[in-house]
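The values are calculated or read from the model by the stated rules, or taken from the named source; none is laboratory data. Worth saying up front: this structure is predicted, and the values here are computed from it rather than measured. Cβ coordinates were reconstructed from backbone atoms using ideal geometry, including for glycine residues, and neighbour counts include every protein chain displayed.
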Amino acid sequence: MCLICDRIEMIKNGENPYFVKELETGYVVIGDNQHFYGYALFLYKNHKYTELFEMDIKERTLFMQEMTMVAEAVKRAFGPEKMNYELLGMGDAHLHWHLYPRRSGDIENYGNKGKGPVWWYPMEKMYAEENKPDAKELEAMKKRFLEELDKVLTAAG
Ligand SMILES: [Zn+2]
């Protein structure tokens with residue numbers, strides 16, 4: 001089984017509380033844990049490729065364009081200093097972007113004296129229960145995110 005496919009199935013069944021919007025190549029969701037406030041993911045629609053270079057150029061270009069617009073919406077909605085973009089997949093080999101809003105001090109003193117990728121922040125802190133937004137906050141975040149995403153999509157035509 002694939003965790004990403006499971007989440008997509010939940011979206012299709014209207015059972016994924018983190019779902020924000022469906023785009024042409026993927027689904028936009030808010031991350032379960034919000035230590036990096038505004039953390040979002042963009043899940044490719046199909047469990048078809050494991051590498052970007054396997055996609056035909058047209059599909060790849062559209063996937064990249066949509067991911068970029070999602071990242072812009074995160075930036076506008078949650079006001080980080082910088083966005084981080086990651087496409088990994090050794091754990092879950094289903095193309096999905098991690099879009100991390102970054103702020104000074106967000107990995108405390110971990111990494112290289114507080115500098116480095118999100119993954120240098122301890123996993124147990126990153127995924128702590130206390131970082132999960134409650135239902136009310138999740139709804140507010142999704143609303144703000146969706147408003148900005150719609151603006152970015154409209155501006156792009
Ligand atoms: Zn999958």
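Of GLY105, GLY91, GLY79, all but one fail to be modelled with pLDDT under 95 and farther than 14 Å from GLY31 by Cα; the exception is GLY91.
Residue-wise test of (1) under 16 Å from GLU148 (Cα atoms); (2) of a type in the set (S, T, N, Q); (3) surrounded by 14 or more Cβ atoms within 10 Å (Cβ to Cβ).
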{"site": "THR50", "(1), (2), (3)": "no, yes, no"}
{"site": "GLU54", "(1), (2), (3)": "no, no, no"}
{"site": "LYS58", "(1), (2), (3)": "no, no, no"}
{"site": "THR61", "(1), (2), (3)": "no, yes, no"}
{"site": "ALA71", "(1), (2), (3)": "yes, no, yes"}
{"site": "PHE78", "(1), (2), (3)": "yes, no, yes"}
{"site": "GLU81", "(1), (2), (3)": "no, no, no"}
{"site": "HIS94", "(1), (2), (3)": "no, no, yes"}
{"site": "ARG103", "(1), (2), (3)": "no, no, yes"}
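Scanning segment 1-35 for residues that are more than 16 Å from the ligand (Cβ to nearest atom), on the phi < 0 side of the Ramachandran plot and assigned to a loop (DSSP other than H, G, I, E, B) yields GLU15, PRO17, TYR18, LEU23, GLU24, GLY31, ASP32, ASN33, GLN34, HIS35.
Screening LYS45 against (1) within 14 Å of the ligand (Cβ to nearest atom); (2) within 28 Å of GLU130 (Cα to Cα) leaves a single unmet condition, (2).
Of the residues that sit in segment 47-86 and are of a type in the set (S, T, N, Q) and in contact with a Phe, Trp or Tyr (Cβ under 9 Å, 6 or more places away or on another chain), which one is farthest from GLY157 (Cα to Cα)? Spell out how you get there, then give the answer.
Let us first name the residues in segment 47-86 that are of a type in the set (S, T, N, Q), namely 50, 61, 65, 68, 84.
Checking which are in contact with a Phe, Trp or Tyr (Cβ under 9 Å, 6 or more places away or on another chain) leaves us with 68, 84.
Details: THR68: 14, ASN84: 25 Å.
Within segment 47-86, the match that is farthest from GLY157 (Cα to Cα) is ASN84.
So is GLY38 part of a loop (DSSP other than H, G, I, E, B), away from the ligand (no atom under 16 Å from the Cβ), of a type outside the set (Lys, Arg) and under 20 Å from GLU22 (Cα atoms) or not? Answer is yes for this residue.
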